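Below you'll find the structure, written out as structure tokens, and then a few comments.
The values are calculated or read from the model by the stated rules, or taken from the named source; none is laboratory data. Owing to the predicted nature of the structure, the values given are computational and were not obtained by experimental measurement. Heads up, the Cβs are rebuilt from the backbone with ideal geometry, glycines too, and the neighbour counts pull from every protein chain shown.
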Amino acid sequence: MAAHDEPFSLVIFGASGDLTRRKLMPALWSLYAGRTLPEPFAIVSTARTEMSDDDFRRRMREGVDEFARVKPPSAQVWDRFASALTYIPGDPTDPRLYAKVESALTRIEAERGGAANRLYYCATPPSLYDDIIGNLGAAGLARARPGGFTRIVVEKPFGHDYESAQALDRLLAGVFHEDQVYRIDHYLGKETVQNILVLRFANGIFEPLWNRNHVAEVQITVAESLGVETRGAYYEEAGALRDMMQNHLLQLLCLIAMEPPVSFEAGPVRDEKNKVMRAIRPIEPARVRDSALRGQYGPGFVEGKAVPGYRQEKGVAADSKTETYAALRLIVENWRWAGVPFYLRTGKRLKKRASEIAIRFQRTPHMIFQRDPAGVEANTLVIRIQPDEGMALTVAAKTPGPELTLSPVRLDFRYGEVFGGESPEAYERLLLDAIHGDATLYLRGDWVAQAWKLLTPVLEAWARDPAVPLSAYEAGSWGPTEADAFIARDGGSWRTP
């Protein structure tokens with residue numbers, strides 16, 4: 001359907017928060033400026049903060065000026081976009097707010113005509129999800145109108161363990177159908193993440209090697225140089241395993257390990273990712289230490305600047321046991337991957353910001369270059385997600401000179417150099433997909449449940465057993481030294497991004 005034929009209304013709950021100002025509104029503006037946002041549209045925003053429509057529009061203009069990929073070329077162009085913004089102050093726990101939202105939507109839809117297409121966005125803390133979902137259902141706002149759609153976008157975290165994730169799913173299922181629910185993980189909207197599927201399934205040279213016969217190990221790293229900043233209180237409740245591992249890193253694992261879907265559509269793609277989750281060997285409570293490691297950053301130096309340790313951050317307990325670093329060793333027990341270890345690690349206050357996937361291939365079976373004492377380094381394919389998006393393949397080559405000496409050479413591809421310009425932000429793609437009803441890059445409820453089921457034994461062991469080590473590491477390092485021993489048990493070592 002052409003964009004101009006698909007009118008819609010977006011209702012944002014929690015519109016006075018950072019997510020709306022830094023991500024959602026800049027993404028919506030960039031889509032509008034690029035003429036890809038369906039029209040006519042209306043954005044009905046609500047939060048507890050008292051503001052007029054004009055106050056809200058000014059605040060959103062500031063956010064767009066600071067964070068949007070595309071800047072407004074003139075006040076007139078911005079004003080045309082801003083005329084679609086409406087603000088309704090109200091408490092999301094108060095049923096009276098939803099009558100006001102319904103009245104605004106009814107008026108807007110009557111004025112513009114066409115189908116009543118509605119998209120609700122929960123940009124609030126998860127503690128408000130129950131109230132928002134329940135009140136939408138009680139007010140009759142969850143039902144699709146004749147000829148139109150009604151959908152809801154829910155931000156992570158989807159619960160804080162297996163039981164709470166199941167409870168959230170039961171709540172959603174009591175009000176919405178599963179095909180109305182869009183669980184957003186912004187990582188899946190990144191261009192490089194989407195390109196994993198293209199790399200694997202559109203290039204004949206890789207897929208024949210993408211199995212246990214040729215791959216020795218897979219390493220997935222999501223490293224952050226920042227600390228918890230102002231999110232200390234939130235992070236105390238979450239920790240690295242819940243904040244990053246349960247969603248982002250496990251999704252990346254699934255994209256690397258999944259079988260080819262029958263088509264690039266939501267159902268087949270998500271089916272294959274779910275098969276991977278079901279194939280991961282469960283982590284037995286008695287063997288958590290063999291599969292998982294945790295750490296916490298102390299004081300150190302990042303980019304030459306002294307930074308405090310985690311326990312000195314605002315909102316953090318002086319004796320906190322919350323992990324800021326987590327590493328997992330997972331095995332996918334299926335025909336393709338049997339015996340290949342998948343190493344996942346994520347942490348805050350690491351040496352630099354880097355997200356990448358490294359596939360290390362098996363070494364050559366017979367070394368004929370005996371005159372090179374260093375041997376031949378294994379071929380490695382590195383997919384860089386951020387920053388410097390792209391990929392690199394390491395191959396062996398002869399160093400110029402009379403001696404037969406081998407050196408690794410990188411065949412490097414960078415998105416910016418090849419395609420030019422700036423890639424769309426993840427939220428641009430994901431918002432557009434939700435408007436068009438494409439759930440391919442969104443999480444399905446059964447996948448979320450499987451992810452929590454896998455990690456809950458680790459969370460319970462870390463919370464229950466005080467003898468499980470919480471390894472300290474210096475801010476600005478690559479994590480605890482125990483992480484090196486964790487991977488060395490298989491004869492490996494962490495790749496330095």
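Tabulated results
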{"item": "Test: residue in segment 254-277 that is surrounded by fewer than 17 Cβ atoms within 10 Å (Cβ to Cβ), within 23 Å of D446 (Cα to Cα) and of a type in the set (K, R)", "result": "yes"}
{"item": "Residues located in segment 455-476, provided they are part of a strand (DSSP E or B) and surrounded by 20 or more Cβ atoms within 10 Å (Cβ to Cβ)", "result": "Y473"}
{"item": "Flag if R151 is outside any helix (DSSP H, G or I), at pLDDT 95 or above and either surrounded by 17 or more Cβ atoms within 10 Å (Cβ to Cβ) or of a type outside the set (S, T, N, Q) (or both)", "result": "yes"}
{"item": "Unique match (being at pLDDT 90 or above, over 21 Å from P7 (Cα atoms), within 26 Å of the chain's Cα centre (by Cα) and not polar (S, T, N, Q)) among D179, D185, D169", "result": "D169"}
{"item": "Yes/no for E50 being in a loop (DSSP other than H, G, I, E, B), surrounded by fewer than 17 Cβ atoms within 10 Å (Cβ to Cβ) and in contact (Cβ under 8 Å) with a residue 24 or more places away in the chain", "result": "yes"}
{"item": "Extreme residue, surrounded by the fewest Cβ atoms within 10 Å (Cβ to Cβ), among residues of segment 435-454 that are assigned to a helix (DSSP H, G or I) and in contact with a strand residue (DSSP E or B) (Cβ under 9 Å, 6 or more places away or on another chain)", "result": "G445"}
{"item": "Scope segment 103-153; condition charged (D, E, K, R) and under 17 Å from E39 (Cβ atoms); matching residues", "result": "E109, E111, R112, R118"}
{"item": "Test: R118 is among the charged types (D, E, K, R), under 23 Å from the mean Cα position of the chain (by Cα) and surrounded by 16 or more Cβ atoms within 10 Å (Cβ to Cβ)", "result": "no"}
{"item": "Residue among H160, H177 that alone is within 27 Å of V458 (Cβ to Cβ), surrounded by fewer than 21 Cβ atoms within 10 Å (Cβ to Cβ) and out of contact with any Gly (no Cβ under 9 Å at 6 or more places or on another chain)", "result": "H160"}
{"item": "Test: residue in segment 253-264 that is modelled with pLDDT of 95 or more and closer than 27 Å to A463 by Cβ", "result": "yes"}
{"item": "Near pairs, Cβ below 8 angstrom, 6+ apart or cross-chain, from segment 470-495 (more than 17 Å from V340 (Cβ to Cβ) and free of Cβ contacts under 8 Å to residues at least 12 places away in the same chain) to any residue that is outside any loop (DSSP other than H, G, I, E, B) and of a type outside the set (D, E, K, R)", "result": "T481/S471; T481/Y473"}
{"item": "Residue in segment 416-434 that is modelled with the lowest pLDDT, counting only those that are surrounded by fewer than 18 Cβ atoms within 10 Å (Cβ to Cβ) and out of contact with any Phe, Trp or Tyr (no Cβ under 8 Å at 6 or more places or on another chain)", "result": "G421"}
{"item": "Answer residue from segment 22-39, given it is among the hydroxyl-bearing types (S, T, Y) and part of a helix (DSSP H, G or I) and is surrounded by the most Cβ atoms within 10 Å (Cβ to Cβ) among those", "result": "S30"}
{"item": "Number of the exception - A110 against (1) in a helix (DSSP H, G or I); (2) over 22 Å from the mean Cα position of the chain (by Cα); (3) buried (at least 18 other Cβ atoms within 10 Å of the Cβ)", "result": "(3)"}
{"item": "Cross-chain or 6+ apart pairs with Cβ under 9 Å, segment 233-248 first and within 13 Å of A326 (Cβ to Cβ), then among the charged types (D, E, K, R) and part of a helix (DSSP H, G or I)", "result": "Y235/D243"}
{"item": "Any hit, segment 136-151, residues being closer than 30 Å to L241 by Cα and not hydroxyl-bearing (S, T, Y)", "result": "yes"}
{"item": "Flag for T496 being out of contact with any Gly (no Cβ under 9 Å at 6 or more places or on another chain), among the β-branched types (V, I, T), closer than 23 Å to I385 by Cβ and surrounded by fewer than 17 Cβ atoms within 10 Å (Cβ to Cβ)", "result": "yes"}
